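One structure is given below, encoded as structure tokens.
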Amino acid sequence: MSESELKRALQQEGEARMRGFWQEAETTVAAQRLEVDTRRDQLRSATDRQLQAESALLRNTLLFSAQARALECRLRAEAALEQRLLLLAHPLLPKLAEDDRAGLWQALRGELPATDWTAIKVHPTDRELAERDFPAAAIACDEAIGGGLVATSADGAIRIDNSLSCRLQRAWPDLLLPLLDELRKLVDNHATAAPHTTG
């Protein structure tokens, strides 16, 4: 082999080795780029998942808070409405007794135990009935009673409130629940009560 052939052979061998190094380097760089891209995509996915989770948590927290405030507001409104309805119901009590005032009087008076009643409180319309049935008792009138009577024994140990006002107070929870249920249905079915959400 001549010197020129040797040079050419060495040069070709060197070039082949250089190409091999470059191919190896390019393969390594390509693998590292792929690894970096994969890691970047994994980080992006993890960040997106974390952002979605935090966003959902924030949304749920805000929604829960809004629902709690709405419920609190609704309960306050219902309590105010309950008081208002009760105030409106009391003046209607005398009208309930108008049809058969004497019959109502006899029924409510008949529920009292036999004892010496010394103080009787009645609606002004029932004064004559009270004076007739309790001639020895002090008769007081009170518009708020509506009908019926409040009787107190001689020693004050027994006091029985058998008035329409007292009966209304006792029956009020049972009367109020259907009223509030009906009002809730009306309010919940109203267009402004629809659960609109944005986003």
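Express the relative contact order of the chain as a whole percentage, based on alpha carbon pairs under 8 Å and six or more residues apart in sequence.
Numbers: 139 pairs, mean separation 28.2, N = 199.
Over the chain, the number comes to 14 percent.
Let me check against my output: what whole-number percent is the relative contact order of segment 94-176, with C-alpha pairs under 8 Å and at least 6 apart? Intermediate results must be reported in sequence, preceding the final value.
Working: 123 pairs, mean separation 24.2, N = 83.
Averaging sequence separation for qualifying contacts and normalising by length gives 29 percent for segment 94-176.
Could you let me know the centre-to-centre spacing of segment 121-135 and segment 10-55, using Cα atoms, in angstrom?
103 Å
Only residues of segment 107-143 count here: report those whose backbone N is under 17 Å from the spot 7 Å along Cα→Cβ of residue 154, or say none.
113-120, 134-139
Excluding same-chain residues fewer than 8 positions from residue 95, which lysines have a Cα within less than 22 Å of its Cα?
121
Using only the alpha-carbon atoms, what does the chain span along each of its principal axes? Please give whole angstrom values in decreasing order.
155, 39, 19
Over the Cα atoms of segment 94-176, how large are the radius of gyration and the largest Cα-Cα distance (Dmax), in Å?
In Å, with Rg to one decimal and Dmax whole: 12.4, 39.
Label points 7 Å out from Cα along the Cβ direction at residue 5 and residue 64: separation in nm?
A separation of 8.8 nm, rounded to one decimal place.
Assuming R0 = 45 Å, can you tell me the calculated FRET efficiency for the pair residue 179 and residue 55, based on Cβ-Cβ distance, to the nearest 0.05?
0.60
Towards the positive end of the charge dipole of the chain, with charges on Cβ (+1 Lys, Arg; -1 Asp, Glu), say which of 130, 102, 12 has the farthest Cα.
12
Only the coordinates and a few stated rules stand behind these numbers; no lab work does. On a predicted model such as this, the values are computed, not experimentally measured, just so you know. A quick note on method: Cβ atoms are made from the backbone with ideal geometry, for glycine too, and the neighbour counts reach across all protein chains shown.
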